[in-house]
């Protein structure tokens, strides 16, 4: 039993120190997310949905730079089709790794929709867990709440995201 406990502590310590190295000032982050459940109109994640014969899809990615230990400034782009309309999305924000394992994010997401008078914009708040499966790779499940900044046309959205990040 003592060996099992010591082995578990060693694995956790290795994972913790590995994460510390990857979230240091001067490092880079490239991230791709998937989202489940309700989605925003325009985002920077990967998604494919079909309802009542209409198919919506989106492709996107985000990148960031650690301006301080555990704090990255991020930007992202996305493009997709939502009900026959082309949607270009952008995102800017900050991501902080609490204790090197719990990513907390605040961001602004906007979109430009072809032939629409009112385009969506959201303030997003996200919290999750960073599981470093390799030295430079993490899987980051998280919960995100998008607050609509023009709720006359668009509603607030709660999402479950699974992110895949590369750390350089």
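The values are calculated or read from the model by the stated rules, or taken from the named source; none is laboratory data. Bear in mind that the values here come from a model prediction, so they are computed numbers and not experimental data. Don't worry about glycine lacking a Cβ; one is built from the backbone with ideal geometry, like all the others, and counts go over all protein chains shown.
Total residues in the stretch 120-133 satisfying the condition of being within 16 Å of residue 78 (Cα to Cα) and either assigned to a loop (DSSP other than H, G, I, E, B) or within 13 Å of the chain's Cα centre (by Cα) (or both): the figure is 2. Kindly indicate whether any position in the stretch 99-106 is touching a strand residue (DSSP E or B) at 6+ places or on another chain (Cβ under 6 Å), free of Cβ contacts under 8 Å to residues at least 24 places away in the same chain and exposed (fewer than 14 other Cβ atoms within 10 Å of the Cβ). Yes, that holds for at least one residue. Residues of the stretch 148-164 that are in a strand (DSSP E or B) and exposed (fewer than 15 other Cβ atoms within 10 Å of the Cβ): 158, 160.
The rows are residues; the columns are (1) in contact with a helix residue (DSSP H, G or I) (Cβ under 7 Å, 6 or more places away or on another chain); (2) outside any strand (DSSP E or B); (3) at pLDDT 95 or above; (4) within 20 Å of residue 77 (Cα to Cα).
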residue: 111; (1), (2), (3), (4): no, no, no, yes
residue: 118; (1), (2), (3), (4): no, yes, no, yes
residue: 140; (1), (2), (3), (4): no, no, yes, yes
residue: 146; (1), (2), (3), (4): no, no, no, yes
residue: 166; (1), (2), (3), (4): no, no, yes, yes
